[in-house]
1. With a 10 Å radius around each residue's Cβ, average the other Cβ atoms per peptide and rank 41-48, 133-140, 349-356, highest first.
2. Can you tell me the orientation of helix 457-471 relative to the chain, as the angle in degrees between its alpha-carbon axis and the longest Cα principal axis, to the nearest 10?
3. What percent do you get for the relative contact order of the range 40-471 when only Cα pairs under 8 Å and 6+ apart count?
4. Helix 117-150 against the longest principal axis of the chain: what's the angle in degrees, Cα atoms only, rounded to the nearest 10?
5. Ranked from the most accessible area to the least, with a 1.4 Å probe and all protein chains present, what is the order of GLU29, GLU396?
6. Once you place label points 7 Å from the Cα toward the Cβ at VAL306 and THR251, how far apart are they in nm?
7. Over the chain, average the accessible area per residue using a 1.4 Å probe and give it in Å², no decimals.
8. What does the highest-first list of 296-308, 325-337 look like by mean Cβ count within 10 Å?
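The values are calculated or read from the model by the stated rules, or taken from the named source; none is laboratory data. This structure is a prediction, so every number in the text was calculated from the model and none was measured. We place every Cβ from the backbone using ideal geometry, glycine too, and count neighbours over all the protein chains shown. Heads up: the accessible areas ignore ligands, DNA and RNA and are worked out on the full protein's heavy atoms, side chains in. Shrake-Rupley method; radii C 1.70, N 1.55, O 1.52, S 1.80 Å.
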Amino acid sequence: MGTDADHKGARPPRAGSARGLGLETRGIEPVPPEERTARARGLVPTWIAANITVLLLTLGAGLTVTYGLNFWQILVVGSAAPLVSFGLVGVLGIAGKRGGAPGMALSRAVFGQRGNLLPGALIWVARWGWETINAVTGAYALLTVLDITLGVRRNGLLAVTVLLFFVLATFAISGLGIRAVRSCAAWASWLFGAFSVLVLCHLIARTDWSGVFAHAAGPESAMIAGIGLIAAGGISWAPTSSDFTRYLPRTASSQAIVLGTVAGAGVVVLPMVLMGAVMAASTPHLAVAADPAAFLGRALPPWLAVPYLLITLVGTLLINAMSMYSAGFTAQTLGFKVPRPWAVSVNAVISLVLGAALMLVATSFLDSFVAFLSLLAVAFSAWAGVFGTDMLRRREYDARALLDTTRTSAYWYRGGFSPAAVTAWALGLTTGLLFTSSDWFTGPLAANNPVGRYGLGWVATVLVAGLVYAVLPKPPVVPAAPDGSGAAEESTTLAV
């Protein structure tokens, strides 16, 4: 097995080869200093776009209807969830500017060249489910717009055709690469903000606010569970955070990376969750709607429903594009020796097949989504616990060692594995599953303790994986290569 740099897909392009919305040809190899010209403030629209989804409205309605929380409690939940989850995402994104490589490529330094295949494969498979859910959500939104504007009724053939259109559009953006993702995210953020103001004005004028504020407070345990539920979606971005910070210079402020990530997510999550909760006061069925987009189309007047659904469609498209963009890197770290755009196409085909099955067969879209979120959070959290703890001792990454997948790699460790990282990851994952409860799987410790009842299996996963890795003996940190490609970061960074 040769190095990743040996195949065409990982061959570094000339600096500045991708201009405008041009094709990004760089794969998992670290970005050289002369190409790292991005700015931390660009993370704000990126993470705004990553959260534009009608599913947040559904979750907000569920906090009222299912969890029994009142407006003020949901305000706390909607504020705390993105702070917790995207705070972790932002901190892990610091590794991107330290190493200039995607998250799962940097993960080789932690788990070893072979050991990284274990979490990498699980995260890649988990991406299939996330992209499937998003593809179906986007297809539902477009089907609703066609129904409202043209009176076109849904059928199986139309549903699959619309899904195909959505997946192809997603592939086009993610295939082009980081510049296309950033540009589309910036435009989507402005459009989403404008139409969200219109929806808020409509809700303020039409809502029975006395009924909203008359809702009795729910138990504190339900608030904790609500934070865990909303935060679980954000945790899924943890392994991919570095994918969007790798073009930042090493002198970029770590504080700015974390704040930009949290701000971008919070400016969407909090208003959307609150909007869903307010809408549930008059339309409680939103919390259990099999098709959230269609429900929203009926709840809003056509002049507002159509543009709002279109912008949420664009947002969902970008969420999927970001996920597929990262999935392409993950596929390359697993050994797919193809150019990055072709690696992205693998996930596009998978999401099309699984999305069609979900639209044509699944009886409850919301139940499938919540069950998936519960398991997804555990899968990503085990990796985040180990990788985040490793960042406490590692300030640099050896670019050559990251790409060398042979026994000569400084990240080969013992037979290609870092025993401490793999052991901690496995124990963290097992712990999380023990405490996780969903329609698809229920662990033996999910019911009779606060961790399980409050839906905090992913928190236990992060803590166990991180603590075990911290106490186990680890291989020494490999110094950066003499060419400076993995040089230590500047003193402007946040101490983590």
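1. On the way: 41-48: 22.6, 133-140: 28.1, 349-356: 19.6.
Order by mean packing, descending: 133-140, 41-48, 349-356.
2. So the helix axis and the longest Cα principal axis differ by about 20 degrees.
3. Reported as a whole number, the value is 33 percent.
4. Orientation of helix 117-150: about 30 degrees from the principal axis.
5. On the way: GLU29 5, GLU396 40 Å².
So, going from the largest accessible area down, we get GLU396, GLU29.
6. Those two pseudo-labels are separated by 5.1 nm.
7. Working: 18510 Å² over 496 residues.
Spelled out: the 1.4 Å probe surface of the chain, per residue, equals 37 Å².
8. Numbers: 296-308: 17.4, 325-337: 23.4.
Packing proxy ranking, top to bottom: 325-337, 296-308.
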